[in-house]
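Below you'll find the structure, written out as structure tokens, and then a few comments.
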Amino acid sequence: MKQSSGLFENITTVSEAARLAFIAKLEEIKAEKGFKMEREGQVSNYLYYISEGSARSFYIRENRDITVSFSLEGEFVTAMHSFITRKPSYETIETLEKSLLYRISHSDLQECFEKFPEMERAYRMILEKYYIALEEQQIFSKFKSARSRYLELMDNKPKIIQKASVGQIASFLDMTIETLSRIRAKI
């Protein structure tokens, strides 16, 4: 049986029938580092759950790789705007390391919602977590000093420091690699 049976434990209580129906729709993916889960310019067709490993969302503008977010074990990830609107994605999502992923297609998820309306509540809670993280990141990058942003990342998601490159972390924190290096040297 798939290791994903605990997917809803931290989100909400769903019936065993709903849980099993959802799990039956999941596709397991053993991904190598750099596996493209979603690609910029394409419609995001899957909602992923990271069972093992990590991923990052990014986009390229003016030849710059800009990291939008990081996702770790136990988190859901997709190009949310694209997944919901069914329009091409602004971002690419790739694994940062060898990872074990489970994914469900948009159409299979919709089918689960029709059969088990309680699943919509679980999905709403996933969306709320995503929105809160997005809003915190916006505030985080606009109103805090570079040092504060790095310290907060160390406190809230220390695994990212170990898994992502210095350039990816600097991009995520909206600073240059040189600024990040100076901050790290002083800590």
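The values are calculated or read from the model by the stated rules, or taken from the named source; none is laboratory data. Being a predicted model, the structure only gives us computed values, none of them experimental. With ideal geometry, Cβ positions are generated from the backbone for all residues, glycine too; neighbour counts draw on all protein chains shown. These accessible areas exclude ligands, DNA and RNA; they are computed on the full protein's heavy atoms, side chains included. Shrake-Rupley method; radii C 1.70, N 1.55, O 1.52, S 1.80 Å.
See the values below:
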{"item": "Flag for R103 being surrounded by 13 or more Cβ atoms within 10 Å (Cβ to Cβ) and of a type in the set (K, R)", "result": "yes"}
{"item": "Count - residues of region 88-139 that are modelled with pLDDT of 85 or more, more than 18 Å from K25 (Cβ to Cβ) and among the small types (G, A, S)", "result": "2"}
{"item": "Count of region 21-54 residues which are over 20 Å from C112 (Cα atoms), among the small types (G, A, S) and open to solvent by 20 Å² or more (accessible area, probe 1.4 Å)", "result": "3"}
{"item": "Sole exception among (1) modelled with pLDDT of 90 or more; (2) open to solvent by 50 Å² or more (accessible area, probe 1.4 Å) for F143, by number", "result": "(1)"}
{"item": "Lone unmet requirement of (1) in contact with a strand residue (DSSP E or B) (Cβ under 7 Å, 6 or more places away or on another chain); (2) modelled with pLDDT under 95; (3) small (G, A, S) for G41", "result": "(2)"}
{"item": "Residue match in region 83-91 (condition: among the acidic types (D, E) and on the phi > 0 side of the Ramachandran plot)", "result": "no"}
{"item": "Pick from region 55-74, criterion surrounded by fewer than 21 Cβ atoms within 10 Å (Cβ to Cβ) and among the basic types (K, R), ranking: farthest from K157 (Cα to Cα)", "result": "R61"}
{"item": "Every pair of residues 6+ apart whose Cβ atoms lie under 6 Å, when the first sits in region 78-107 and is in contact (Cβ under 8 Å) with a residue 24 or more places away in the chain while the second is open to solvent by less than 10 Å² (accessible area, probe 1.4 Å) and part of a helix (DSSP H, G or I)", "result": "S89/S82; Y102/S4"}
{"item": "Residue match in region 83-97 (condition: exposed (fewer than 13 other Cβ atoms within 10 Å of the Cβ) and touching a strand residue (DSSP E or B) at 6+ places or on another chain (Cβ under 7 Å))", "result": "yes"}
{"item": "Region 154-174, residues that are open to solvent by less than 40 Å² (accessible area, probe 1.4 Å) and either at pLDDT below 90 or of a type in the set (G, A, S) (or both)", "result": "A164, G167, A170, S171"}
{"item": "Residue match in region 90-101 (condition: in a loop (DSSP other than H, G, I, E, B) and more than 24 Å from A164 (Cβ to Cβ))", "result": "no"}
{"item": "Residues that are in contact with a Ser or Thr (Cβ under 7 Å, 6 or more places away or on another chain) and of a type in the set (A, V, I, L, M, F, W, C), drawn from region 38-67", "result": "V43, L47, I50, A55, F58, I66"}
